[in-house]
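Quick note: the coordinates plus some simple rules give every number you see, no bench work behind them. Since this is a predicted model, take the numbers as computed values, not measurements. Note that we place each Cβ from the backbone using ideal geometry, even for glycine, and neighbour counts take in every protein chain shown.
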Amino acid sequence: AQPPPRPPRPRSHTVTTTSSSFTANLSASSSTLAYDREFLRTLPGLLMVAEIVLGLLVWTLIAGTEYFLYPAFGWVMFVAVFYWVLTVFFLIIYMTMTYTRIPQVPWTTVGLCFNGSAFILYLIAAIVDASSVTKELDSHNYNSWAASSFFAFMVTSCYAGNTYFSFISWRSRTLQ
């Protein structure tokens, strides 16, 4: 013998939803993309564009040679390409004002660390590049390597300038 079937329970028609402040802020702030045209008219913006153009020259001048036969030029290529990609990334962040949408990131500290490390590693790479350029090593690639060395020192000076501006910005934020 089977027990008699139970009557269906009445269903509740109340639905409770919750939203975290993160998703609310994300959906509210991602509706439009801002564009800061004025950033390129500032000295840090101009230096960043110079870093991208001159950095591109550094690694393309080396990439057009048999640099992989010489470890010193491999190091220069690593530094040049790595910081070129990151500088393009940061330019996009500054141009689209993404830093205003992610206030959890200490952008002044990130900028100081990025520019400071770029300055130091680019200085080392430029010195390695310049000291590795000899006609005896490979006369066919001499001019490309010499030009890349010159542009590497120019990029180094641009990163030094941006490191200075990042430090000023960082210091003014930490004193408040």
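Over the alpha carbons of region 62-176, what is the largest minus smallest coordinate on each principal axis, giving the biggest first in Å?
Principal-axis extents of region 62-176 (Cα, largest first): 56, 24, 19 Å.
Would you kindly state how much longer the chain becomes between residue 98 and residue 169 on full extension, computed as 0.36 nm times their sequence separation minus their alpha carbon distance, in nm to one decimal?
Gain on extension, residue 98 to residue 169, equals 23.8 nm.
Starting from the Cα-Cα distance between residue 63 and residue 105, subtract it from 0.36 nm times their residue separation and give me the gain in nm to one decimal.
11.6 nm
So what J values fall out for region 36-52 if you push phi through Karplus, 6.51 cos²θ - 1.76 cosθ + 1.60 with θ = phi - 60°, rounded to Hz, Gly and Pro as x?
Whole-Hz 3J(HN,Hα) from phi for region 36-52: 9, 5, 6, 4, 6, 8, 8, 5, x, x, 5, 5, 5, 5, 4, 4, 5.
Evaluate the distance, in nm, between pseudo-label points positioned 7 Å from the Cα of residue 34 and of residue 137 along their respective Cα→Cβ axes.
Distance between label points: 4.6 nm.
From the C-alpha coordinates alone, can you work out the Kirkwood hydrodynamic radius of region 60-117, in Å?
13.3
Under a point spin-label approximation (7 Å from Cα along Cα-to-Cβ), what is the residue 127-residue 42 distance to one decimal in nm?
3.1
Ordered by packing density, taken as the mean number of other Cβ atoms within 10 Å over each peptide's residues, highest first, how do 94-106, 39-51 rank?
Order by mean packing, descending: 39-51, 94-106.
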